[in-house]
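The values are calculated or read from the model by the stated rules, or taken from the named source; none is laboratory data. On a predicted model such as this, the values are computed, not experimentally measured, just so you know. Glycine also receives a Cβ, built like all others from the backbone with ideal geometry; neighbour counts cover every protein chain displayed.
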Amino acid sequence: MDPRDPSLTHELDLTEAATPPVWKARLTRLGAVLWVAVCAWALYGLHKEWSGFHLTDLDDALARIGPQHLAMALGFTALSYAANAGLTLIAERWLGHPLRHPWRDAWISYLSSAFSMNAGGTVLGGGSIRMRFAASQELSVSQVGKIMMFGGLAGWAGHIFLCGVLLTFASPPLDWLPASAAKGIGVVLMAVPLIAVLGGLFWGRPAQPPPPAEPTDEDHSHPVEDIRASRLRWPSPPLALLTLAISVIDWLGAGLAMWSLFPGSMPMDAASFVAIVVIAQAVAAFTHVPGGVGVLELTITKALGAAIAAPVLAGALVTYRLLYYLLPFFIAILMLGIREMRLRQTAIQKGGKLVIRGWSLVAPRLASLMALGGGFMLLLSANTPMEPARREGMADWVPLPFVEGSHLMSSLAGALLILLARGLQRRVQAAWWLTVVLMSAAIPFSLVKGLDWEEAVLLTVMLSFLVPFRSYFHRQAPLWTQRFTFGWWLMLLSLVGVAVWLGFFSARHVPYDRHLWWQFTMDGDVPRFMRAAVGAGCVFILIAIAQALRPGRPRNIEPTDPETVERLVHESNHTYAALAYLDDKEFTVSRHGRSALMHADQGRSRIVMGDPLGDSEAADDLLWRFVEQAQNEGRRPVFYQISVSEMPRLVDMGFKLFKLGEEARVPLGDFTLEGGTGKKLRKARGRFQRDGLTFEMWPQAKVAEELSTLRAISDAWLGEHKAGEKGFSLGRFDDDYVKRFSCAVVRDASGKVIAFTNIWETTDKAELSVDLMRSLPEGQGVMEAVFIELMLWGREQGYQHFNLGMAPLSGLSTHALAPLWHRMAARIFHRGESFYNFQGLRSFKDKFDPEWLPRYIAVPSAWSLPPALLDATALIGGGLRKTLSKT
């Protein structure tokens with residue numbers, strides 16, 4: 001939760017609902033390309049700035065940084081990260097979320113910050129870490145997004161205020177910034193956050209409750225967001241002041257950590273130096289380069305290059321990169337793994353089975369990180385000179401061909417490991433085998449090419465984390481024929497670019513000569529670097545060509561076994577599984593037949609309805625296979641009405657989640673008409689009985705006999721409402737479909753059937769729900785009583801919950817801090833009653849005092865949300881033209 005984290009705008013941002021023009025989507029990709037270009041430009045600038053000294057000068061500068069300086073820098077780094085974690089606790093308090101486990105929440109914030117500070121807006125950013133722990137914190141996706149938004153704004157407020165104070169009272173000696181101008185800017189910067197602090201006195205008022213309304217059979221699904229009514233207020237002045245103070249401490253700690261690494265006399269006081277560091281961090285954050293690699297160093301070098309020797313600057317900046325960025329990152333990786341293994345202490349006493357299961361939740365992500373880290377380390381090692389002391393020892397006992405060959409093979413292994421990271425994330429078995437083989441081979445390569453024992457130890461540790469968990473990389477899928485995503489290619493190219501730049505920087509004092517390619521000597525570091533860089537580059541180019549030229553594979557439509565689908569529906573504990581009986585879906589069944597996805601195509605989208613049928617825990621390979629098949633055919637994979645339990649898995653797969661709504665489920669064990677809470681329900685039931693209406697339950701056999709009666713009611717209802725049948729996430733009146741279910745019917749005083757609804761039931765009695773709700777004109781207004789009777793009947797039959805479906809578009813914030821998507825949808829909720837009774841539907845369902853469970857839509861990217869929503873709406877309505885003709 002830090003403004004230096006670009007994932008604030010890439011991972012959880014709820015984007016506007018309007019369909020963006022094509023140029024905006026292209027601009028988004030261009031932005032990602034630009035931060036790679038900025039990184040390359042910054043590294044080139046550093047190359048020029050630092051080209052005047054030798055590596056021996058850098059060694060001398062590093063030697064001047066003593067243990068006391070390192071200890072001070074580590075202390076200030078810890079202070080900065082602790083303050084950043086404190087912003088999370090304040091954000092939860094601002095949301096009204098109870099702080100039951102503040103230490104745990106602060107620890108999660110540290111993990112997220114450590115990942116985000118280094119990976120930023122890439123596929124390995126910190127937003128997915130927060131999502132993984134959202135369920136354990138009892139936070140929804142929307143709340144996680146708000147916490148990250150609050151932290152980002154608070155971080156920038158603290159940065160602006162600290163810059164203002166430092167420019168006003170300790171203006172740094174910069175040629176382009178006169179002292180008088182600095183003070184004027186500082187006063188303005190200090191005023192901006194203080195004005196924001198006072199905003200809590202004027203903004204934020206709760207909304208009025210909406211009028212009640214009765215649902216129809218179209219109210220169970222709607223492709224728009226719904227969040228429970230809870231208006232966000234601007235932080236109160238005391239809370240805002242506390243937030244500002246902690247944010248200032250965060251930035252101050254980051255600046256003082258760097259100041260600690262400059263031993264000896266400084267040409268300026270600490271406050272002026274911190275001002276330069278804080279400004280440089282802001283520049284790095286604006287570029288969106290992960291960790292500000294190159295940009296931070298170049299900005300500080302430009303500002304202080306005239307006052308501090310280049311080797312001293314380089315040594316301090318390299319050490320700062322290791323202490324403030326990389327060390328917390330590696331500690332976070334280690335802590336994440338250890339934490340998952342210690343989740344359940346009883347598992348250790350029982351042999352560790354549950355520990356292994358807990359570790360398996362993060363094994364694929366950590367395996368991908370280890371492959372990236374190990375490969376990057378091998379590339380860096382191959383592109384830097386061998387230490388002279390080790391070179392002398394190598395010459396006595398290792399033949400030169402072995403040194404040259406190991407050096408080249410180490411570089412090739414590093415490039416392949418970086419490419420294999422994507423396969424490990426997809427849990428491909430071949431990727432695991434190749435990673436184990438390459439790491440095993442790279443260990444002796446590291447020793448033979450230069451006695452790099454530290455490198456060999458790290459590779460051994462990584463290998464020990466991978467080997468025990470082979471069973472979790474079980475997918476028999478192609479390794480590199482599946483195209484890498486745009487984000488993955490950018491990240492891979494960035495890693496290779498940094499490694500190659502380091503090689504050129506190390507060889508900057510050696511003039512180029514074409515004969516260097518064929519020089520093989522023990523001290524020929526530059527020729528070895530050139531050959532290693534070309535070898536690694538060829539690996540990347542060959543894989544890219546193979547992916548670009550791979551032939552398109554025809555769709556393999558698997559025949560669906562009706563008995564398998566029937567079995568999985570009966571095993572499901574969600575009533576929407578009954579939608580599998582409609583003939584508007586296809587099925588992708590897992591290879592073992594224990595789970596399946598029901599889906600349909602609309603436009604460019606291939607949309608999955610709900611969670612996997614059957615055993616959800618066994619659906620990993622099924623989900624990956626579905627996504628890859630859809631992408632191979634040029635389709636957009638979309639997961640519609642996903643529950644919280646599927647969130648971590650989809651986030652790991654790179655999907656973005658947006659809330660569709662909240663599903664109302666009434667716990668039938670606690671349902672009663674007694675007391676004050678049941679007063680309105682008793683009144684509705686009494687009116688139903690006074691009107692002479694009666695409630696009946698028809699079994700399937702009775703439904704089949706009276707099918708013509710039910711059809712007549714359905715046709716009359718459709719004619720009156722001038723509506724067509726829906727589909728996909730809603731049932732429709734089809735003879736074969738309706739005959740599968742029991743029905744609840746209502747008769748008038750004369751015995752005539754005037755309304756009915758078919759009943760969805762789960763085999764294990766976990767849930768009871770309704771699908772079609774059809775009535776004659778004289779039967780309007782009876783559904784509230786029908787729900788009451790069904791809940792009483794379900795309680796007697798032993799059902800656990802009654803599902804009322806979703807209430808669309810309620811509870812979205814109109815606060816100035818809320819995302820644009822929230823504000824737009826909230827206005828529709830409050831002002832769109834002319835075409836849909838949003839507020840009334842929410843109020844109607846609230847009468848039954850339900851539990852509200854969030855449901856989400858998962859899409860490959862934020863830009864995919866608008867077309868995915870449009871396709872889902874068209875699919876439910878029977879086609880886009882048909883849907884639009886009704887609005």
inquiry  = So, restricting to helices (runs of 4 or more DSSP H) that lie completely within the stretch 1-106, which ones have at least 3 residues that are at pLDDT below 60 and within 23 Å of the chain's Cα centre (by Cα)?
reply    = 22-49
ask   = Here are some residues: 342, 365. Which one is in contact with a helix residue (DSSP H, G or I) (Cβ under 9 Å, 6 or more places away or on another chain), surrounded by fewer than 16 Cβ atoms within 10 Å (Cβ to Cβ) and at pLDDT below 65?
value = 342
message = I'm trying to understand the selection: among the residues of the stretch 749-765, which are at pLDDT 90 or above, of a type in the set (A, V, I, L, M) and outside any strand (DSSP E or B)?
response = none
request  = Would you check if residue 646 is within 28 Å of residue 782 (Cβ to Cβ) and acidic (Asp, Glu)?
outcome  = no
request  = Please identify the pairs in which a residue from the stretch 522-536 that is in a loop (DSSP other than H, G, I, E, B) has its Cβ atom under 9 Å from the Cβ atom of a residue that is at pLDDT below 80 and basic (Lys, Arg), counting only partners at least 6 apart or on another chain.
outcome  = 522/391; 523/391
Whichever residue in the stretch 599-623 is among the hydrophobic types (A, V, I, L, M, F, W, C) and over 20 Å from residue 865 (Cα atoms) and, among such residues, is modelled with the highest pLDDT = 613
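Residues checked against (1) surrounded by 24 or more Cβ atoms within 10 Å (Cβ to Cβ); (2) in a helix (DSSP H, G or I); (3) modelled with pLDDT under 80:
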residue: 392; (1), (2), (3): no, yes, yes
residue: 404; (1), (2), (3): no, yes, yes
residue: 410; (1), (2), (3): yes, yes, no
residue: 416; (1), (2), (3): no, yes, no
residue: 420; (1), (2), (3): yes, yes, no
residue: 424; (1), (2), (3): yes, yes, no
residue: 431; (1), (2), (3): yes, yes, no
residue: 434; (1), (2), (3): no, yes, no
residue: 437; (1), (2), (3): no, yes, no
key: Checklist (1) under 15 Å from residue 465 (Cβ atoms); (2) of a type in the set (S, T, N, Q); (3) at pLDDT 70 or above applied to residue 360, failing item   = (3)
ask   = Looking only at helices (runs of 4 or more DSSP H) that fall completely inside the stretch 258-328, which ones have 1 or more residues that are closer than 15 Å to residue 65 by Cα?
value = 310-320
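Does residue 111 satisfy the criteria of being part of a loop (DSSP other than H, G, I, E, B), at pLDDT below 80 and not acidic (Asp, Glu)? Let's see the steps before the verdict.
Values: part of a loop (DSSP other than H, G, I, E, B): no; at pLDDT below 80: yes; not acidic (Asp, Glu): yes.
No.
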